[in-house]
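The values are calculated or read from the model by the stated rules, or taken from the named source; none is laboratory data. Remember, predicted model here, so these are calculated numbers, not experimental data. In this analysis, Cβ positions are derived from the backbone assuming ideal geometry, glycine residues included, and neighbour counts consider all displayed protein chains.
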Amino acid sequence: MKKIGVIGGTGLDDPQILKDAEELSITTPFGEPTSPLTIGTINGKDVVILARHGKQHTITPSNVNYRANIHALKSLGCTHIIATTACGSLREEIQRGDLVILDQFIDFTRRRPVTFFDTFPPGAKHANHTSMSDPFSDVLRQSLITSAKHMDVRVHERGTVITIDGPRFSTRAESKMFRSWGADVINMTNATETILANELEIPYAAVAISTDYDCWRNDEEAVEWSEVLRTFSINIERVKKVLTQAIKVV
């Protein structure tokens, strides 16, 4: 039986999308998740929703307890994880409001734990070195792509995300460097979640909503948080529809 974990970014952790919703507080060996978990169903599928930054969005990206979040979803029997996230576009063709179904990441974080394996059991054969060549689940990615096309939503079927610590935004020099590295979008969360989900062998995918052009473009103002929120609020409902449709076909 499939059970889908949904990690909601800003505005996309709405328990109202669940039928028979019930809130559950748990703890893990890595501490408490960043929010109580909301369990229920979507289109007959068991779903668990977790608010990445807390119910009131009080937890900064580098202070999110990612290990507790992923461990909590695993402990509740989640067989798959779909995440939503805001991102800045590093490409002209990725416009505000576009969806990007991520397929690769670059981890540029430096302040947060990014593994469950702080030590190895004795003996080299027991070392846990997790393969990460293709970190996002293709099955989940295809369900999101299909759902976005079905809803006639503008979607990019691939994209490399670079994840930074935050909460500050990039300098222009950094933004241009990230473009030269091949990154398509930028955010502050997904690489960490993807790594940890892969370590626990949970298929993971993420739908990123482009809200701005970061600061690499010289012909417009650099990104501001108010702009991110404005673009997000315009697109929340259609992203919810894509998400619920994707869960239906997983």
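Quick rundown of the values:
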read-out	value
Contacts under 7 angstrom Cβ, first residue in the range 91-111 being without any contact (Cβ under 8 Å) to a residue 40 or more places away in the chain, partner assigned to a loop (DSSP other than H, G, I, E, B) and surrounded by 18 or more Cβ atoms within 10 Å (Cβ to Cβ), 6 or more apart	none
Cross-chain or 6+ apart pairs with Cβ under 8 Å, the range 19-33 first and within 18 Å of residue 55 (Cβ to Cβ) and aliphatic (A, V, I, L, M), then in a loop (DSSP other than H, G, I, E, B) and modelled with pLDDT of 95 or more	24/76; 26/32; 26/33; 26/76
Which numbered condition residue 117 misses (of (1) in contact with an Asp or Glu (Cβ under 8 Å, 6 or more places away or on another chain); (2) buried (at least 16 other Cβ atoms within 10 Å of the Cβ))	(2)
Any hit, the range 131-140, residues being modelled with pLDDT under 95 and more than 21 Å from residue 209 (Cβ to Cβ)	yes
Number of the condition not met by residue 128 [criteria: (1) farther than 24 Å from residue 155 by Cβ; (2) in contact with a helix residue (DSSP H, G or I) (Cβ under 8 Å, 6 or more places away or on another chain); (3) surrounded by 14 or more Cβ atoms within 10 Å (Cβ to Cβ)]	(3)
Extreme residue, farthest from residue 116 (Cα to Cα), among residues of the range 29-52 that are among the β-branched types (Val, Ile, Thr) and crowded, with 17+ Cβ neighbours inside 10 Å	42
Count of residues meeting criterion [β-branched (Val, Ile, Thr) and in contact with a Ser or Thr (Cβ under 7 Å, 6 or more places away or on another chain)] in the range 210-226	1
Qualifying helices (runs of 4 or more DSSP H) (wholly inside the range 143-250; at least 3 residues being in contact (Cβ under 8 Å) with a residue 40 or more places away in the chain and within 21 Å of residue 60 (Cβ to Cβ))	190-199, 225-249
Meets criteria (surrounded by fewer than 23 Cβ atoms within 10 Å (Cβ to Cβ), closer than 18 Å to residue 140 by Cα, of a type in the set (Lys, Arg) and over 14 Å from the mean Cα position of the chain (by Cα)) for residue 241	yes
Of all residues in the range 1-28 being of a type in the set (Asp, Glu) and at pLDDT 90 or above, the one that is surrounded by the most Cβ atoms within 10 Å (Cβ to Cβ)	23
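Conditions tested, residue by residue: (1) in contact (Cβ under 8 Å) with a residue 40 or more places away in the chain; (2) closer than 21 Å to residue 167 by Cα.
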site	(1), (2)
58	no, yes
62	yes, yes
67	yes, yes
77	yes, no
120	no, no
